Every structure is written in C-alpha cells, then in structure tokens.
Amino acid sequence: MIVEAPSLPPAALAFESIAERFDERFGAWESVSAQRRAVRSALARAFPRGARILELGGGTGEDAAWLARQGYEVTLTDPSPSMVRIAAGKLRPLGLPAPRVAAAERLGELAREPGRLYDGAFSNFAALNCVLDLATVGRGLAPLVRPGGRAMLVIFGVYSPGEWIVQLLKRDRRAAMRRFSRHAVHARLGGREFFVRYHRRADVERAFAPWFRLESRRGIGVFVPPSAAEPWITRQPRLLAALERIDRIAGRPLATFGDHVLYALVRTDVPSPESVA
C-alpha cells in the first residue's frame, strides 16, 4: 500500500510505490550485486567491528542486514514507510535497533533525541541524489557522528563512461547526457515523478564543511556497467567477473569515472550547529 502523506517527499513516494517488488527487481541484477560488494568491502575497512552506524536511505535493509552479520550495530533510516517496514522484518531477527522513517534532509530531528551519537554513517546507491540541497544533510549529520568518525556516502558519478555507452547504444542521448546538468533533473519511478541532482565533488565538500572533511574517493562501477546495462550484463558472468576484478584496482585512481562515487568523509572537531547554538 502506498502511503500518501503531505510530508512525504516526491522521491519517497516513488520508492514507496515499488517497495514491495524492489528486492525482486534489483536483487536479480548482477551489476548491482557487483557494485554492492565493492561498497561493502569499503565499509568493512572503514568501520571497526562493533561500531554503531547510522544508515541514510537504507531502503529494504540489505546492507544493514549484511553489516549486522559482520558484527556491526546499524540504525537504518529511510523516508519511505513501506521500505522501513520491509527492512524491519529483516533486521528485527538480527537484534538491530528499529529502523526509522526519516528523510536525510531531516536528520536534525534524530539529533535531538538522547543517546544519538554514532561512530559513523553511510548511504549507498545514490539515495542522496534525491536530496537537492546536500547542505541540509551535512548540518543534520554533524551532531550525530562523533569526531573522528566517518561518513561513507555513495553518490552517482557525473562522468560515467559506462552510462554514456549504454545509453547511446540505446539511442537515448538525453539519458546519456543527463548527469552533466548542474540543475535538478526529472526522474520517474513506479509511475511517480521526482527530481534528482548530480552532485559534484565540490558540491559534496562544500555541503559537509566544516563538520566533515573529504578523506578519499573511490569509483564504484568504473568498468562494471551501470544497471542500465541490465539484463544483458547479468547474462555475461565471466565478463562481469573480469570487470569487477579490474574495478578493484582502478576504483581509486579512476574514481571520477565511476557509475557511483564513494566519498569517505571524516568528522572534524568543529562543534555541530546545535552545539554552536
């Protein structure tokens, strides 16, 4: 059932509309699985075992469940009530905190609750591209992450050759060029329209400063193609495995050209906005 609520953002309504079939649709795509493995490997390196982590835009809880099985405590947030309900069914048996219906733009509401301090935060698969003003996320996340903690944010890359090639082969020039736009771009999912923004490196650094500083970037899906190549690439397991191996080497030096880019940010000692106030 789609939850119609005045406070639900358009992007949340779009994902609400496909929540029941989200895992079935995207879980079968091997390009998605390959990119997810790269992100999970980076998360395991970034966070010490046992860390308390906040997830932004966690969807149906696939990454949170994996992290829980590795020994992490994850609090999942997502703006879609149906996504959160599905995630709760996966995470409750693992002993994780109850997932929360919360938009990334409104993290400040969590910060006002007692005991809300995390060792780090992460967001996977471009959930933050649905946020048009990343500065709201930076301000809201600052009081939730301890100094020295990391924010691992996976955002759509702007210069993705894989996207260009796949979309041009489909003769869709508009889709091939859409990431170059510096303005909000129309998107459509589940019959719902919303806007996305393709954030550049400077946008990310500016939005999270001075509370976070950029530590590193890594391309996710530099040679592994985007999901637009599905279902063809899933039927090429040997090719995909080879491209995944190349990505493990090329991801850092060629970060700019990833289908997604993983931004590793470190929480500074600068007091959070609430502390300043």
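Just so you know, all these numbers are worked out from the coordinates, no wet-lab data involved. Predicted, not measured: the structure shown is a model, and the values here were computed from it. With ideal geometry, Cβ positions are generated from the backbone for all residues, glycine too; neighbour counts draw on all protein chains shown.
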task = Would you mention how many residues in segment 113-138 are farther than 21 Å from R178 by Cα, surrounded by fewer than 20 Cβ atoms within 10 Å (Cβ to Cβ) and in contact with a helix residue (DSSP H, G or I) (Cβ under 8 Å, 6 or more places away or on another chain)?
result = 4
Search result, residues across segment 101-136 that are within 21 Å of I86 (Cα to Cα) and among the aromatic types (F, W, Y) = F122, F125
request  = Could you check how many residues of segment 138-162 are farther than 18 Å from E215 by Cα, part of a helix (DSSP H, G or I) and touching a residue at least 60 places away in the same chain (Cβ under 8 Å)?
outcome  = 5
query = Can you tell me which of A102, A121, A64 is free of Cβ contacts under 8 Å to residues at least 40 places away in the same chain, touching a strand residue (DSSP E or B) at 6+ places or on another chain (Cβ under 7 Å) and within 26 Å of D259 (Cβ to Cβ)?
reply = A64
